[in-house]
Amino acid sequence: MYKFLLICTFCYHISLAQIFTKQDTLRGSITPERAWWDVKNYTLNLQVFPSTKSIKGSNTIRYKVLKSSKILQIELQNPMVIDSILQDEKKLNYQKKGYCYYVNLTKKQRVKATEKIEVFYHGKPKEAVNPPWDGGFIWNKTRDGNEFIATANQSIGASIWWPCKDHPADEAESMQITITCPEHLTGVSNGKKIKTQNNSDHTTSFTWTVTNPINNYGVCINIANYTSFKESFNGINGNLSCTYYVLPQNLNRAKKHFKEVHKMLKAFEYWFGPYPFYEDGYKLVETPYLGMEHQSCIGYGNQYLKGYMGRPMGSSMWGNHFDFIIIHESGHEWFANSITCKDVADLWIHEAFTSYSEALFIEYYYGKKAGNEYLQGLKTIVKNDSPLVGVYGVNHEGSSDMYTKGSLMLHTLRQILNNDDLWRNILKGMNHDFYHQTVTGKQIQSYITKNSKLNLSKFFLQYLNTTKIPTLAIKSKKGYLYYRWENVVDDFKIPLKIYLNNKEKWITPRSQNWKKLKANIQDLKVDKNFYINVEFESF
């Protein structure tokens, strides 16, 4: 069985390798031209022209020299155009390969020194056809004819609209974003607003500052004739500023509906620890697309409805007890924005834990049984089409099952631990120990393994790297139940909770041989909180 799985997985990776391009490798790997410098700060200055659906601007990239080199790689995707690149006010030459730019530096790059380049650019950025799944700029109109503009670029990359070192392993430690737009509109971005400037050409510039590390895809701009209101949340680290930007006609609805934000913050601070960006505040911003986890500036487009656009996620009606976008996208502040994967092949770190946070929110307010039922309702939408882990080094994400199957995997792990205090401490511990860091999937697995004191290598291999659902095979004969694991990797062994005559009992199936238990099959129930299949076989 395990050899077959290895062959299937091997073939899967080979077939994927055939479609990867040189550009995928340049985008997805730490090339020599990326490795020698560390981003410290981006200062992005952008003017938006709604009438022509175009932008122009500059990005000042401050970086620390880790190793002396003369070639620096940045990215800006077509059809955007770089006009010039400067260092110390001197123009630099560069070569373009695909959407990678290789900058020829003339100044000696001294190790440990902090340097900067200025990149000036313009163009009509790619329009998102189906945001946020298809990324780019969104040029929309409100019902009263005003512009409604936003960006969303998680998978396609931030370089679709601004020049940067477009790889998740290297985050800027801080950032400043200035949006210049027509004077009747408001520009909203990450962090806190520090300046508003009215210009002589009937435009207004809004400057925002981010004081915490930020991943590239978490950077955003939102432009509309917004109105706003503020609240303060008394959290673990003191008063957290909560600001809401909405369209004027939705102000009253928003003041009522967004009360769920405080409930979310209270629940998630209980499960995960302090909100990770107190200095930058929390914002919920109405957008012309469904939603996105932009850091400290959550995009919201769920139409002020409960559930996912008014429907539950999965088959459980508990999904209609909360606004999916508020809860899910805000959960990403802990898992995605504070703890960020170094390679998108490990994007399951973002999505599995954040999808699981939905159930934790339900559990916090409605009880453990309700949280369990919500998760059990997700089983029907798992596809098991490909592994949750993608291919490293080529900008390749794993299966979209990283949401549902990923959360079911974590819930199964919680059952194996059989200690809710330990489980909560692990979740909080990760957010403490990996606070504002980029991490690998192996680091997360090792952390959980170490703190649970369990050997979980086969568990993670099974659920992350294969599409096989562990199957508990059961046979019955003469008052005995015979059981074992099937459809699993070699040496897969996790304990399993069952009930005999409604009395809890733990068993430890193995894959190599059958074990037996004195019981009748009609008295058996298998705990539904494990993500497994159960099959009854005959002798």
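Can you tell me which residue among Tyr270, Tyr226, Tyr282 is closer than 19 Å to Asn190 by Cβ, of a type outside the set (A, V, I, L, M, F, W, C) and open to solvent by 20 Å² or more (accessible area, probe 1.4 Å)?
Tyr226
Given the residues Tyr366, Tyr356, which is the only one that is of a type in the set (Ser, Thr, Tyr), surrounded by fewer than 18 Cβ atoms within 10 Å (Cβ to Cβ) and in contact with a His (Cβ under 8 Å, 6 or more places away or on another chain)?
It is Tyr366.
Restricting attention to the range 434-467, which residues are of a type in the set (Gly, Ala, Ser) and within 17 Å of the chain's Cα centre (by Cα)?
Here is the first cut: in the range 434-467, the ones of a type in the set (Gly, Ala, Ser) are 441, 446, 452, 457.
Matches in the range 434-467: Gly441 only.
For the range 94-111, give me each residue that is assigned to a loop (DSSP other than H, G, I, E, B) and open to solvent by less than 80 Å² (accessible area, probe 1.4 Å).
Gly98, Tyr99, Leu105, Lys107, Gln109
Within the range 506-525, which residues are at pLDDT 90 or above, surrounded by fewer than 12 Cβ atoms within 10 Å (Cβ to Cβ) and not in a strand (DSSP E or B)?
Within the range 506-525, Thr508, Asn513, Gln522 meet the criteria.
Of the residues in the range 488-499, how many are over 30 Å from the mean Cα position of the chain (by Cα), assigned to a loop (DSSP other than H, G, I, E, B) and surrounded by 16 or more Cβ atoms within 10 Å (Cβ to Cβ)?
The total comes to 0.
Tell me which residues, restricted to the range 470-487, are exposed (fewer than 13 other Cβ atoms within 10 Å of the Cβ) and modelled with pLDDT of 95 or more.
none
Can you tell which of Trp318, Trp348 is of a type in the set (A, V, I, L, M, F, W, C), open to solvent by 10 Å² or more (accessible area, probe 1.4 Å) and touching a residue at least 24 places away in the same chain (Cβ under 8 Å)?
Trp318
Can you give me the number of residues within the range 375-385 that are part of a loop (DSSP other than H, G, I, E, B) and open to solvent by 20 Å² or more (accessible area, probe 1.4 Å)?
Of the residues in the range 375-385, 4 are part of a loop (DSSP other than H, G, I, E, B) and open to solvent by 20 Å² or more (accessible area, probe 1.4 Å).
In the range 395-407, how many residues are open to solvent by less than 10 Å² (accessible area, probe 1.4 Å) and either free of Cβ contacts under 8 Å to residues at least 60 places away in the same chain or assigned to a loop (DSSP other than H, G, I, E, B) (or both)? Talk me through it step by step, then tell me what you get.
Kept after step one, since they are open to solvent by less than 10 Å² (accessible area, probe 1.4 Å), are these residues of the range 395-407: 399, 401-402, 405-407.
Now narrow it down to the ones that are either free of Cβ contacts under 8 Å to residues at least 60 places away in the same chain or assigned to a loop (DSSP other than H, G, I, E, B) (or both): 399, 401-402, 406-407.
The qualifying residues number 5.
Out of Ser330, Ser296, I need the residue that is part of a helix (DSSP H, G or I), among the small types (Gly, Ala, Ser) and buried (at least 24 other Cβ atoms within 10 Å of the Cβ). Which one?
Of Ser330, Ser296, the one residue that is part of a helix (DSSP H, G or I), among the small types (Gly, Ala, Ser) and buried (at least 24 other Cβ atoms within 10 Å of the Cβ) is Ser330.
Please go through the range 65-93 and give me each residue that is assigned to a strand (DSSP E or B) and open to solvent by 70 Å² or more (accessible area, probe 1.4 Å), ordered by number.
Within the range 65-93, Asp83, Lys90, Lys91 qualify.
So which residues in the range 217-231 are touching a Phe, Trp or Tyr at 6+ places or on another chain (Cβ under 8 Å), assigned to a loop (DSSP other than H, G, I, E, B) and over 17 Å from Pro132 (Cβ atoms)?
Within the range 217-231, just Tyr226 meets the criteria.
Return yes or no: is Ile326 in contact (Cβ under 8 Å) with a residue 60 or more places away in the chain, under 21 Å from Val261 (Cα atoms) and hydrophobic (A, V, I, L, M, F, W, C)?
yes
Looking only at the range 144-189, count every residue that is touching a Ser or Thr at 6+ places or on another chain (Cβ under 7 Å), of a type in the set (S, T, N, Q) and open to solvent by 20 Å² or more (accessible area, probe 1.4 Å) and tell me the total.
Going through the range 144-189 one residue at a time, the tally reaches 2.
Residues that are under 30 Å from Glu373 (Cβ atoms): find the strands (runs of 3 or more DSSP E) completely inside the range 409-486 holding 3 or more of those.
Numbers: elements: 437-439, 471-477, 480-486.
Once the strands (runs of 3 or more DSSP E) in the range 409-486 are filtered for at least 3 residues that are under 30 Å from Glu373 (Cβ atoms), what remains is 471-477, 480-486.
Please work out if Asp490 is closer than 27 Å to Ala352 by Cβ and touching a helix residue (DSSP H, G or I) at 6+ places or on another chain (Cβ under 6 Å).
yes
Could you list all residues from the range 44-64 that are among the charged types (D, E, K, R) and not in a strand (DSSP E or B)? Can you show your working first?
Of the range 44-64, the ones among the charged types (D, E, K, R) are 53, 56, 62, 64.
Answer for the range 44-64, where residues must be among the charged types (D, E, K, R) and not in a strand (DSSP E or B): just Lys53.
Of the conditions (1) buried (at least 23 other Cβ atoms within 10 Å of the Cβ); (2) in contact with a helix residue (DSSP H, G or I) (Cβ under 6 Å, 6 or more places away or on another chain), Tyr392 satisfies every one except a single condition; which number is it?
Unmet for Tyr392, out of (1) buried (at least 23 other Cβ atoms within 10 Å of the Cβ); (2) in contact with a helix residue (DSSP H, G or I) (Cβ under 6 Å, 6 or more places away or on another chain): (1).
Report yes if some residue within the range 195-202 is touching a residue at least 12 places away in the same chain (Cβ under 8 Å) and under 22 Å from Tyr278 (Cβ atoms); otherwise report no. Before the answer, list the steps.
So the first thing to find is which residues in the range 195-202 are touching a residue at least 12 places away in the same chain (Cβ under 8 Å), and the list is 195, 198-199, 202.
Imposing the further condition that a residue be under 22 Å from Tyr278 (Cβ atoms) reduces the set to 195.
Yes, some residue in the range 195-202 is touching a residue at least 12 places away in the same chain (Cβ under 8 Å) and under 22 Å from Tyr278 (Cβ atoms).
The values are calculated or read from the model by the stated rules, or taken from the named source; none is laboratory data. Model, not experiment: these values are computed from the prediction. Glycine also receives a Cβ, built like all others from the backbone with ideal geometry; neighbour counts cover every protein chain displayed. Accessible surface is based on the protein model in full, side chains and every heavy atom, while ligands, DNA and RNA are left aside. Shrake-Rupley method; radii C 1.70, N 1.55, O 1.52, S 1.80 Å.
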